[in-house]
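Reviewing the structure listed below.
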Amino acid sequence: MGSLTQPTLPIIDFSNNDLKPGSSSWLSISKDVVRALEDYGCFIVIYSEVSSEQHEAIFRAAEELFDLPTEIKVLNTSDTPSHGYVGQEPVIPLYEGLGIENATTLEGVQRFTNLLWPFGNDRFCGTALAYSKVVAGLDQVVMRMVAESYGIEKKYESLLESTSYLLRLIKYLGPEKNGTNLGIVPHTDKSFMSILHQHQVKGLEIKTKNDEWMVIDPSPSSFIVMAGDACMAWTNGRIEPAYHRVIMKGSEERYSLGLFSFIRDFIIEVAEELVDDEHPMQFKPFDHYKYIHFYYTDEGKRSKCPIKAYCGV
């Protein structure tokens, strides 16, 4: 008997200088991207646009943020559930997170910064804005590849105009003092797409379609690109979001970042190009933010697949 091999996620290298739409490397990488999203709902990308200096700077900024007193952090509120401060929750006692809405705009990042640092914090503001913009660029390359592969580039362009980004900075306590090692419960993201970035401490686990959990190792140049529920509806079920969780081991605290895309003031609908005899229409047109609110109702929390419960045909 050979030893059982651990399942691993596809790793796709985006650091090729010739990654221009239409080039041969663009076309071959697009195929890999769509296959990975269809097979796993996510993949690891090597993305050198975020320099090692930027990587260290954004995680230093995160540490500085979490060092603020709790009464300051709770000022980070939002009209959208879980987009502001979340922490000290009995179900997930190791988890603490803050969210910067409209994180690719100076106005969005300044609003967040001035709330938490009334005298301003230019370094934090500049670091968070620069990081969000570079990672949003990765999101847009991936989405363009998906849209082109499915022959719906025009549909993506109108979606892109309505895309807003949430940068979530997250800290998990080490489990030893807390009697639990669960960082966050298994879930799919409510976003359109998510791009996750870990610092040095492991913890993120992704579920395969065979119900095995894969541990994802952190590295400064690697990001996890993950489809959210809204992407599943938009692609008429071709891409399903990945279930993932965080399990903490050892005593070290863990920092991670997520850049999440959401579609604002725009009705998401399945493109007619993605509906045929093999792929009948699965989802009705829907409003992304109303879906997020639905997810946090009792019905949304109870349902096995909230997006299908909300707008499934």
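Per-residue ellipticity at 222 nm for the chain, helices alone: DSSP H runs ≥ 4 residues times -39500 (n - 2.57), over residue total, nearest 500 deg cm²/dmol?
The per-residue figure over the chain is -10500 deg cm²/dmol.
Residues within the reach of a label modelled at residue 251 (point 7 angstrom out along Cα to beta-carbon, backbone nitrogen below 20 Å), restricted to the range 169-198, are 172-183. Note on residue 49 and residue 290: their simple-model spin labels are 3.3 nm apart, each label 7 Å out from Cα toward Cβ.
Using the alpha-carbon centroid of each, what span in Å lies between the range 133-210 and the range 266-312? Centre-to-centre (Cα) distance: 19 Å.
Hey, if you put +1 on the Cβ of every Lys and Arg and -1 on every Asp and Glu Cβ in the chain, which of 98, 11, 37 ends up farthest toward the positive end of that dipole? Looking along the dipole axis, the top candidate is 98. Subtracting the Cα-Cα distance of residue 130 and residue 24 from their residue separation scaled by 0.36 nm leaves 35.2 nm. Each label was represented as a point 7 Å from its Cα along the Cα-to-Cβ direction; for residue 140 and residue 215 these points are 3.8 nm apart. Along the charge dipole of the range 169-291, which of 213, 175, 241 sits closest to the positive end, that is, farthest toward it, with unit charges on the beta carbon of Lys, Arg, Asp and Glu (+1, +1, -1, -1)? Positive-end residue among those listed: 175. Considering only 62, 227, 271, the mean-square fluctuation computed in a Gaussian network model of the chain, springs between alpha carbons under 10 angstrom, is largest for 271. Applied to the range 30-44, the Karplus parametrisation 6.51 cos²θ - 1.76 cosθ + 1.60 on θ = phi - 60° returns per-residue 3J(HN,Hα) values of 4, 4, 4, 4, 5, 4, 5, 5, 5, 7, 10, x, 6, 7, 9 Hz, with x for Gly and Pro.
Where nothing but the Cβ of Lys and Arg (+1) and of Asp and Glu (-1) is charged, how large is the charge dipole of the range 11-272 around its Cα centre, in debye to the nearest 20? Working shown, then result.
Values: 23 positive and 36 negative charges, 26 e Å.
Computed about the Cα centre, the dipole is about 120 debye.
Which angle between 0 and 90 degrees, to the nearest 10, do you get for helix 52-66 versus the longest principal axis of the chain when only C-alpha atoms count? Helix 52-66 and the main axis of the chain meet at about 60 degrees.
For a quick check, take a GNM of the chain with Cα springs below 10 Å and name the residue from 174, 137, 41 with the largest mean-square fluctuation. Top of the fluctuation ranking is 137. When 279, 83 are arranged by Cβ crowding within 10 Å, least crowded first, meaning fewest neighbours, the order is 279, 83. For the chain, a Gaussian network of Cα nodes joined below 10 Å ranks 164, 221, 15 by mean-square fluctuation, and the top entry is 15. Quick one: if the Förster radius is 25 Å, what FRET efficiency do residue 297 and residue 273 give, using the C-beta to C-beta distance and rounding to 0.05? Here the calculated transfer efficiency is 0.15.
The phi torsions of the range 301-311, fed into the Karplus equation with coefficients 6.51, -1.76 and 1.60 and a -60° offset, translate into couplings of 5, 6, 6, 5, 10, x, 5, 5, 5, 7, 9 Hz, rounded to whole numbers, with Gly and Pro shown as x.
Taking R0 as 25 Å, what's the FRET efficiency between residue 32 and residue 153 from their Cβ-Cβ distance, rounded to 0.05?
Values: r = 18 Å, r/R0 = 0.74.
Working from the Cβ atoms, E equals 0.85.
With coordinates expressed along the principal axes, the C-alpha atoms belonging to the chain extend over 56, 56, 47 Å, beginning with the largest. In this structure the amide hydrogen of residue 240, modeled in the peptide plane, comes within under 5 Å of the amide hydrogens of 41, none closer than 5 places in sequence on its chain. Spacing of the modelled spin labels on residue 200 and residue 39, each 7 Å from Cα toward Cβ, amounts to 3.3 nm.
Couplings 3J(HN,Hα) for the range 222-239, derived from phi with the Karplus relation 6.51 cos²θ - 1.76 cosθ + 1.60 (θ = phi - 60°), are 10, 10, 9, 9, 9, 6, x, 4, 5, 5, 4, 5, 5, 8, 6, x, 5, 10 Hz, where x marks Gly and Pro.
Any read-out appearing in this document is the output of simple, stated calculations on the displayed coordinates, not a laboratory observation. Here the structure is a predicted model, which is why all the values come from computation and not from measurement. Counting neighbours? That spans all protein chains shown, and the Cβs are built from the backbone with ideal geometry, glycine included.
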